[in-house]
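**Student:** Let me give you the structure first, and then I'll get to my questions.
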Amino acid sequence: MSSAPVFPRRSYASLRQFLTDVAWLFRHRARVQQARTMLSPAFRERLMLAVTAVNRCRYCSFAHTRMALAAGVTNAEIAQILDQTFSACPPDEAPALAYAQHWAETDATPDPAARERLSCEYGILRAAAIEAVLRMIRVGNLLGNTFDHMLFRLSGGRFGLTNDDRRLV
């Protein structure tokens, strides 16, 4: 007897989890606004791609690749970020990109020491702006993956997967 295939990407497990993330963004809208002024568009897109590389949302990967290119991020940088390496990126952004990757891998619950290092590296306000960007892209990633998860379940596993996902299931 075979078991049903498992959807291989992180998605929202409940409406409550989604509402918790949205409520965070609403409560911290000033931080979200700060991110637009404190961080360059290219830096924001690099951060978003770093989180997207971990969560593997195909919609966000496509959209933020295009936005990153428009913001001046090179194809080489984008490819490396999506491969979860940062050597082609500006050196002063590498610590934040590594943190973004860790943040996504830990499902938005980073090690307190990692968060402290981020604050020491960038200052409290800029670190808060970075985390706001990470939270925004998490919502987008998990919404996209949740949509794919619904397609996957409704189609008995025929739809909602990428080619990379098919290799994992």
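The values are calculated or read from the model by the stated rules, or taken from the named source; none is laboratory data. Since we're looking at a predicted model, the values are computed, not measured. Glycine also receives a Cβ, built like all others from the backbone with ideal geometry; neighbour counts cover every protein chain displayed. Just the protein is used for accessible areas: all its heavy atoms, side chains included, with ligands, DNA and RNA removed. Shrake-Rupley method; radii C 1.70, N 1.55, O 1.52, S 1.80 Å.
**Student:** Can you name the residue in the stretch 18-63 that is of a type in the set (S, T, N, Q) and under 18 Å from Ile130 (Cα atoms) and, of all such residues, is surrounded by the fewest Cβ atoms within 10 Å (Cβ to Cβ)?
**Tutor:** Thr37
**Student:** Moving on to the next point. Do the conditions hold for Asn145, that is, is it modelled with pLDDT under 95 and among the polar types (S, T, N, Q)?
**Tutor:** So Asn145 fails the test.
**Student:** Mind checking which residues of the stretch 69-97 are under 24 Å from Asp111 (Cα atoms), in contact (Cβ under 8 Å) with a residue 24 or more places away in the chain and open to solvent by 50 Å² or more (accessible area, probe 1.4 Å)?
**Tutor:** Leu82, Asp83, Gln84, Pro95
**Student:** Scan (1) of a type in the set (D, E, K, R); (2) surrounded by 15 or more Cβ atoms within 10 Å (Cβ to Cβ); (3) without any contact (Cβ under 8 Å) to a residue 12 or more places away in the chain for the single condition Arg66 breaks and write down its number.
**Tutor:** In the conditions (1) of a type in the set (D, E, K, R); (2) surrounded by 15 or more Cβ atoms within 10 Å (Cβ to Cβ); (3) without any contact (Cβ under 8 Å) to a residue 12 or more places away in the chain, Arg66 misses (2) alone.
**Student:** Also, I was wondering about something else. I'm trying to understand the selection: among the residues of the stretch 38-52, which are part of a helix (DSSP H, G or I) and touching a residue at least 60 places away in the same chain (Cβ under 8 Å)?
**Tutor:** Correct list: Met38, Arg44, Leu47, Met48, Val51, Thr52.
**Student:** Also, quick follow-up: So, of the residues in the stretch 15-39 that are in contact with a helix residue (DSSP H, G or I) (Cβ under 9 Å, 6 or more places away or on another chain) and among the polar types (S, T, N, Q), which turns out to be nearest to Leu69 (Cα to Cα)?
**Tutor:** Looking at residues that are in contact with a helix residue (DSSP H, G or I) (Cβ under 9 Å, 6 or more places away or on another chain) and among the polar types (S, T, N, Q), I get Thr37.
**Student:** Same structure, new question: In the stretch 116-169, how many are open to solvent by less than 20 Å² (accessible area, probe 1.4 Å) and within 22 Å of Thr65 (Cα to Cα)?
**Tutor:** 16
**Student:** Here's a follow-up. Would you tally the residues in the stretch 102-115 being in contact (Cβ under 8 Å) with a residue 12 or more places away in the chain and open to solvent by less than 30 Å² (accessible area, probe 1.4 Å)?
**Tutor:** Adding up the residues that qualify gives 4.
**Student:** Can you confirm whether the stretch 1-13 contains a residue that is touching a Leu at 6+ places or on another chain (Cβ under 8 Å) and open to solvent by 70 Å² or more (accessible area, probe 1.4 Å)?
**Tutor:** Taking every residue of the stretch 1-13 in turn, at least one turns out to be touching a Leu at 6+ places or on another chain (Cβ under 8 Å) and open to solvent by 70 Å² or more (accessible area, probe 1.4 Å).
**Student:** Go through the stretch 116-130 and report how many residues are free of Cβ contacts under 8 Å to residues at least 24 places away in the same chain and not hydrophobic (A, V, I, L, M, F, W, C).
**Tutor:** Qualifying residue count for the region: 4.
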